[in-house]
Amino acid sequence: MAVCIAVIAKENYPLYIRSVPTQNELKFHYTVHTSLDVVEEKISAAGKAMADQRELYLGLLYPTEDYKVYGYVTNSKVKFVIVVDSSNTSLRDNEIRSMFRKLHNSFTDVMCNPFYNPGDPVQSKVFEGMVSGMMVQVS
Amino acid sequence: MSGSQWELPPELCCRPMAFVALTGLDVTYNAVHRAIWDAFCANRRADRVPISFKVLAGDHEYPKCRTKRTSYEWYIPKGILKTGWMNKHLNLVPALVVLFYELDWDDPQWKEKQSECATKVEIVSLQGRNTKVAVVLIQKKTPLPPGEDLVASERASSLCNACDLSGKSLFVLPHTDHLVGYIIRLENAFYEHAQTYYYTEIRRVKSHKEFLNKTTHQLLFVRHQFKIAFFSELKQDTQNALKYYRTAYSLVHELRAHETNMLEIKTMAGFINYKICRLCFQHNTPLDAIAQFRKHIDLCKKKIGSADLAFEHTAWMSKQFQSFGELFDEAIKLGLTAIQTQNPGFYYQQAACYSQDRKLTAQQLCQAGAVCPIPDPLDTPTGGLDFYGQRAWRQGHQSIDPPDPEKERTGILALQIKERDVPHSELIIALLSNAVAQFKKYKCPRMKSHLMVQMGEEYYHAKDYTKALKLLDYVMCDYRTERWWALLTAILSTALRCSYLMANVKDYMTYCMELLGRASTLKEEQKSRIEKNLLKVLKNEVPDAEPDCEPSGSSAAAALWKDRMALSGSNEFSIEVQDYVPFIQCKARFLAPSFHVDQPIQLQVFLRADCPHPISFNKLSVSLSNQCYNQWCVVEASGQDTMLLTPGETSCFSFNFVAKTQDVGKKIEMTGIELMLGSGRWVFLSWRGAGGDAASAHEALQASRSARPRGPGAGARPEGAWDALTIQHSTMIISRVPKISVQLSHQPPALNNEMYCITLSIQSQEEGVAREVRLTAGLKPGQDANLSQATHVTLDRGQVCDASDPALLPDIPLGDLNPGHKVEQRVYVRCVSTGPRVFLFHVAYSINTSVDGQEIDCNCHKDETIAIETVEPFEVSSKFVSTKLEPLDRVVVDIPFVLMTDLLSSSPWPLLLHSSSLQLVTMATCTPHPLSQLEQVVLQTGECASECFCLQCPSGAEANGTVATGQYVISWRRESSSLDTPLVHTTVPLPHIPLENIPLYIHAELPSFGRVRETLPVRYHIENRTALVQQVEMAVEPSDAFMFSGLKQVRLHILPGAEQQMLYNYYPLMAGYQSLPQLNISLPRCPATDTHTLRRFLPQRIFVKPQGRELDDASIAAA
């Protein structure tokens, strides 16, 4: 399961970041932020090819010694980033994909809320609960 | 040594080349030898064989060969690889020794020289080594082709015998012009010998294998594979070398690893891994290199070894990553392409990361107080180690437990003490900056920023605060624009500590202000602490130390701050906060985008503090683009009491001022806002323009998105109210609203060429006297340029204006206008072309008025525009007809004809035609003083006025081609206009008409009608118009409708200019329109003129009335 899940706005500022509390939170912020380099590059490369039929799931962005960072971009250019521990080899690509799909669905629900102003930080409890379910459970 | 303990030995990193020793060359004193040596070592490009040459003395001692072991049975190896081994084979033990000797085949002292050479060969022979020896004879003469010089071949074989050489090892080097060519051939031959040597060496090492057993000789398996691989490399057989290195690598991991030999295993694994990666890159298989490296790291990551020396593991890991990064980078320089997600930067970054770990573990493990034990356990008798990766105090020891626990303890202590002195930060920074350079190249700006933050933090740890601040400052802006507040706060906190420790007042305050601002994610109590510190600094006091600073640094900083405090000058700071997110937000606006000059200009400045505690300020000032207004836009604390900003509340400051009349039409902009804080130290926060900061634009955008109605609760959100405040940084000063009415009366459309009258009436509704009323009237500028040529404006009704009158009459003075009074002005416009036009009437005046008690003299103006269409008043058409009113397509000289003109009014207003006249060119009128038939005729819309003129072309006119007729001039005006309105003269050109001469003219004289059975006399006049006598044949054809008397057929002669009359009496038989009997005329002398051409002059038909009674006759007469 994930150690960090982030939602990034179209303009690349964070809408939501949640990481496992046991580790340095700032480090995850940096990891997510630096992964945007790769996301941007992938978007611009895909944008040239075919804008409408783009695959939303970007796959593994880059591996670090300790973590694997996966990316996903919605059609409105909102980015999802999931950071997984490198030692966690049980997670397959398909599972990451389904995590992203769940995240996307939940985020769509947030956007559908008439009281949510697009661009504001996400504070939905339902979303929070869904993310918690995807995080590594700290016992 | 401390840093370099982890460096890879240079002999490992270089490219191994066959080692060939050259002896017998005196390169210092002998020019020939020198030239030969230079030819060997100069220009060693890639196309030459890879050999490293060395000049050695003839009696040079080569390393002795140990006596070969005959059995490995009782042999226990002491380590994996000796430290000297690689260097020995690269630089000490040659593959081939070449003896240079000066000897010509025909040397007189051949025998002596031959034995001297043999002696020298004997001296260089290496005992026990397989090293080859070759002899090169340096000769002055060019040798003959092989086989021709019998003496040479005989002497060569004798020399070979004497020196115990094979024929292949004897070379001749003629010292002639083609030295380099010979040298290249020589070195190729040497290269072959070297290859053979290394081949035999490989065979030799391989042959040991059968003596080894798996239990005691595990180390030797690795050693031998490594040696074979290394020899293969020397032999330039890189494919096999890679194979053997791979085997060696898997063997090294099969070794029994325990705490005492872990370092040795890792060191050797690192060496072999380096070689493998290097060869993979060389073979252009970078993916293999990366895979090998990953495998290597995964295998070794957990092999930490002794916990007391954990820093050694991280140092080693760091080095692994660094050297792989360097290999990768080198491969890129040789043409490999890297990508964003796989570039050397990641390896440098990871190396830096391990170095940081190393620093942390070193800080934990190495106590500051420990002193180095004596004697130093790290000293060895030779000054170095015998085997790679072993401990100095127990070299060669291979069992699991250390031989002497006490020695082990002091040894570890010594290593820890050595580690303490390692400049970790320097190493980390160097690695980070390498990584930064790579990420810059591979388009990773955020990764680059992140690494720069790490560099900054490392500089902070290294106490180089200036450099730290420089780096942090540089990247802060990126995080700010991307709105990653958590990261920005972390960076700011580090920067704040730096500036505190340096006692840099301005930076300290700037960072404090941003950390107190809304972008900071700090907790309330931390903000509160920072604000207290900021207030202290503002009072010129020493702030409290930042937590997380080490105590010694803090005390030094406190001293620095005291010094700063003592400095009396330089206590004023100006801080530009626009590009930050400061703790006081400022927004300013003009209340309207434009103000009339007779209104006071209103301006509001909103301030809002985001810090936890109230903050006071002394002065707020706004500067405007026109500086004379600045004096009105200042608010200052009077005396002791300062103005207070309460957190979370918006304070509004309003300013009013009266604009100067000369600024009408200009824009006033806010150029800056300044807020003065402090007591003891004065800080001016300044915003450019009308406030706002790095985050406010986005907030305003979000506020506008949420601006949809939210029900009754919407007003209760002060947060949203602040965000929704929009900045209005400039305003226009526009002229006062005029209180006059301008009315235009006219009768559109305008008629072409007429003096079109527009009456303008101006009524004043002002309370004072409108002075100097001026009117500008005419064509509105900015229309089609041709219009200004075709439009003329005048005030003078007396005469028709001409081209000299302008299209626009500027500044017509109308005098002063008292309140409630009215003035009228007529303007006449003449348009000489049709189409729409826009006319402008601009009434300007000045008036005194008072604003806020100030008397000002303002200019007001009112513009009226009207669009007027110009149309043609009438259309004139004209046609030529004969005197019988039949249409003419040509006229005949000297014969009268009629010009008919039709004038069709297209004006919507009735027209009064005053007169009309003809201006003839060739023609003459038949009437001496023709009177206009249209005089004083009034034409309504659509009515037509016709007129006819009888014209004649006088004889003598040129009779071929067309002739101009002349012009038709109509004088007219609108019927509605007054009598003294000047008339408009419209000139219409008349059409041209073809003109011709005829030889014979005939016309008939007959009554206008006939009556059945009553005589109808018809007289034909025939004129000869030529200068010749004309013979004319005439005949009258019979007709059913008429009987007639007269000459039926006649031939006559008519003298020039004379006229002949023929009289016929016709007697009509039928009533109605009847064709007259046909008259046939022919001119034998002018065949061109016949009945057809003449018939047009003759009447064709006549109306015959029926025979009536007398009574009817009278009634007709009455009708």
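Table for the structure above
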| item | result |
| --- | --- |
| Residue check for B:K64: basic (K, R) and under 30 Å from B:I400 (Cβ atoms) | no |
| Tally of residues being under 19 Å from B:N343 (Cβ atoms) and surrounded by fewer than 19 Cβ atoms within 10 Å (Cβ to Cβ) across the stretch B:283-321 | 8 |
| Test: residue in the stretch B:328-337 that is surrounded by 22 or more Cβ atoms within 10 Å (Cβ to Cβ) and touching a residue at least 40 places away in the same chain (Cβ under 8 Å) | yes |
| Those residues of the stretch A:106-133 which are of a type in the set (D, E, K, R) and either over 15 Å from the mean Cα position of the chain (by Cα) or modelled with pLDDT under 90 (or both), in sequence order | A:D109, A:D120, A:K125 |
| Within the stretch A:60-99, considering residues that are free of Cβ contacts under 8 Å to residues at least 60 places away in the same chain, surrounded by 19 or more Cβ atoms within 10 Å (Cβ to Cβ) and not aliphatic (A, V, I, L, M), the one farthest from the other protein chains (Cβ to nearest Cβ) | A:Y72 |
| Pair list, Cβ under 7 Å, 6 or more apart: the stretch B:381-403 residue farther than 11 Å from B:E264 by Cα and touching a residue at least 40 places away in the same chain (Cβ under 8 Å), other residue small (G, A, S) and not in a loop (DSSP other than H, G, I, E, B) | B:L385/B:A392 |
| Filter pass, B:S153 being modelled with pLDDT of 85 or more and among the small types (G, A, S) | no |
| Exclusive hit being among the small types (G, A, S) and at pLDDT below 85, set B:S71, B:S115 | B:S71 |
| Which listed residue, of B:T986, B:T1026, is outside any strand (DSSP E or B) and not basic (K, R) | B:T1026 |
| Within the stretch B:244-261, considering residues that are in a loop (DSSP other than H, G, I, E, B) and aliphatic (A, V, I, L, M), the one farthest from B:Q292 (Cα to Cα) | B:A257 |
| B:L219 vs. criteria of a type outside the set (F, W, Y) and surrounded by 23 or more Cβ atoms within 10 Å (Cβ to Cβ) | yes |
| Residue in the stretch B:519-531 that is in contact with a His (Cβ under 8 Å, 6 or more places away or on another chain) and hydroxyl-bearing (S, T, Y) present | yes |
| Residue match in the stretch B:1038-1045 (condition: outside any loop (DSSP other than H, G, I, E, B) and under 21 Å from B:H1092 (Cα atoms)) | no |
| Within the stretch B:21-57, considering residues that are of a type in the set (F, W, Y) and assigned to a helix (DSSP H, G or I), the one surrounded by the fewest Cβ atoms within 10 Å (Cβ to Cβ) | B:W37 |
| Hey, B:Q350 under 47 Å from the mean Cα position of the chain (by Cα), closer than 23 Å to B:E7 by Cβ and more than 14 Å from chain A (Cβ to nearest Cβ) or not | no |
| Single unsatisfied condition, B:I138 versus (1) modelled with pLDDT of 85 or more; (2) assigned to a loop (DSSP other than H, G, I, E, B) | (2) |
| Of residues in the stretch A:100-124 being within 14 Å of chain B (Cβ to nearest Cβ) and either touching a residue at least 60 places away in the same chain (Cβ under 8 Å) or among the hydroxyl-bearing types (S, T, Y) (or both), the one surrounded by the most Cβ atoms within 10 Å (Cβ to Cβ) | A:V122 |
| Given (1) more than 30 Å from B:V453 (Cα to Cα); (2) surrounded by 18 or more Cβ atoms within 10 Å (Cβ to Cβ), number of the condition B:C372 does not satisfy | (2) |
| Some residue of the stretch B:387-410 being hydrophobic (A, V, I, L, M, F, W, C) and either in contact with a His (Cβ under 8 Å, 6 or more places away or on another chain) or within 14 Å of chain A (Cβ to nearest Cβ) (or both) | yes |
| Residue pairs meeting the criteria (Cβ under 6 Å; at least 6 apart or on separate chains; first in contact (Cβ under 8 Å) with a residue 40 or more places away in the chain and over 18 Å from B:V49 (Cα atoms), in the stretch B:169-189; second aromatic (F, W, Y) and part of a helix (DSSP H, G or I)) | B:L173/B:Y182 |
| Scope the stretch B:305-319; condition of a type outside the set (G, A, S) and within 15 Å of B:N434 (Cβ to Cβ); matching residues | B:K319 |
| Residue within the stretch B:523-546 that is within 14 Å of chain A (Cβ to nearest Cβ) and of a type in the set (S, T, Y) present | no |
| Strands (runs of 3 or more DSSP E) within the stretch B:577-652 that include 3 or more residues touching a residue at least 40 places away in the same chain (Cβ under 8 Å) and farther than 18 Å from B:I673 by Cβ | B:594-596 |
| For B:Y198: the one exception among (1) under 20 Å from B:E73 (Cα atoms); (2) assigned to a helix (DSSP H, G or I) | (1) |
| Residue match in the stretch B:176-186 (condition: in a loop (DSSP other than H, G, I, E, B), of a type in the set (D, E) and exposed (fewer than 15 other Cβ atoms within 10 Å of the Cβ)) | yes |
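Results for (1) within 30 Å of B:A338 (Cβ to Cβ); (2) under 33 Å from the mean Cα position of the chain (by Cα); (3) away from chain A (no Cβ under 13 Å); (4) surrounded by fewer than 23 Cβ atoms within 10 Å (Cβ to Cβ), shown as yes or no for each residue.
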| site | (1), (2), (3), (4) |
| --- | --- |
| B:S425 | yes, no, yes, yes |
| B:A430 | yes, no, yes, yes |
| B:N434 | yes, yes, yes, yes |
| B:F439 | yes, yes, no, no |
| B:R446 | yes, yes, no, no |
| B:E458 | yes, no, yes, no |
| B:A462 | no, no, yes, yes |
| B:T481 | yes, yes, no, yes |
| B:W484 | yes, yes, no, no |
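The values are calculated or read from the model by the stated rules, or taken from the named source; none is laboratory data. Here the structure is a predicted model, which means the values were calculated and not measured. Here the Cβ is made from the backbone with ideal geometry for all residues, glycine too, and neighbour counts use every protein chain on show.
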